[in-house]
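Below is one structure; the comments refer to it alone.
The values are calculated or read from the model by the stated rules, or taken from the named source; none is laboratory data. Values in this document were obtained by computation on a predicted structure and should not be read as measured data. Counting neighbours? That spans all protein chains shown, and the Cβs are built from the backbone with ideal geometry, glycine included.
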Amino acid sequence: MPMKKLIVLAFDNQSGALEVRDKLFELQKQELITMDDAAVVVRDEEGKTNVKQAQSLVGTGALGGAFWGLLIGLIFLAPVLGMAVGAVSGALGGKFADIGIDDSFIKEVGETIDPGESALFMLVSDVQRDRVIDELEPYSPELLETNLSPEDEDKLREHFAADEVTA
């Protein structure tokens, strides 16, 4: 079973993530990338975060909104709210560390995406890296990534996807 990657493409504008989401949809049709789940984050000028799960891109999300909401909340809200949520973010950070997403990755992503910018978060199982990078070059994304072992992915599903499954 191949190792999956949690990839974040950061853009220095509010439209980049949405544009690249659409471009990646084309690349997925060409079988240059296989995304299991994705979410777009747009931060307005005041720093307010808007999250859109990219279900049209991947069908039903593998991880679900709970995962993206918690991860993105931890990245963007914890630093803003400060010590009041220290214990909560510590517990959440521990939960993510348990599934292979370390604090340094979370911190790096949070420091990369400023107000007025956007990012595309993706869980990717297969990618023809060089071809996809060439296709995305005009958008000038900043690439952040971390690997997830099959065990980490199973833990992710256990923690987040199970409670979102509907009949």
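Annotations for the structure displayed:
- For residue 41, the criteria (1) more than 16 Å from residue 119 (Cβ to Cβ); (2) of a type outside the set (Gly, Ala, Ser); (3) at pLDDT 65 or above hold in every case but one, which is (1).
- Each residue in the range 119-135 was checked for being part of a strand (DSSP E or B) and either among the β-branched types (Val, Ile, Thr) or without any contact (Cβ under 8 Å) to a residue 24 or more places away in the chain (or both), and 2 of them qualify.
- Selection count where residues are under 16 Å from the mean Cα position of the chain (by Cα) and more than 18 Å from residue 106 (Cβ to Cβ), scope the range 26-37: 4
- Filter result for residue 31 (assigned to a loop (DSSP other than H, G, I, E, B), more than 16 Å from residue 148 (Cβ to Cβ) and at pLDDT 85 or above): yes
- Matching entry among 152, 114 (being loosely packed, with under 13 Cβ neighbours inside 10 Å and either closer than 19 Å to residue 24 by Cα or modelled with pLDDT of 75 or more (or both)): 114
- Qualifying residue in the range 56-77 (condition: within 22 Å of residue 15 (Cβ to Cβ), of a type outside the set (A, V, I, L, M, F, W, C), at pLDDT 80 or above and part of a helix (DSSP H, G or I)): no
- Test result for residue 17, part of a strand (DSSP E or B) and either under 13 Å from residue 120 (Cα atoms) or modelled with pLDDT of 85 or more (or both): no
- From the options 125, 89, 104, residue that is modelled with pLDDT of 75 or more and either surrounded by 13 or more Cβ atoms within 10 Å (Cβ to Cβ) or within 25 Å of residue 21 (Cβ to Cβ) (or both): 125
- For residue 106, the stated conditions do not hold, so it cannot be described as in contact with a Leu (Cβ under 9 Å, 6 or more places away or on another chain), of a type in the set (Val, Ile, Thr), over 20 Å from residue 50 (Cα atoms) and free of Cβ contacts under 8 Å to residues at least 60 places away in the same chain.
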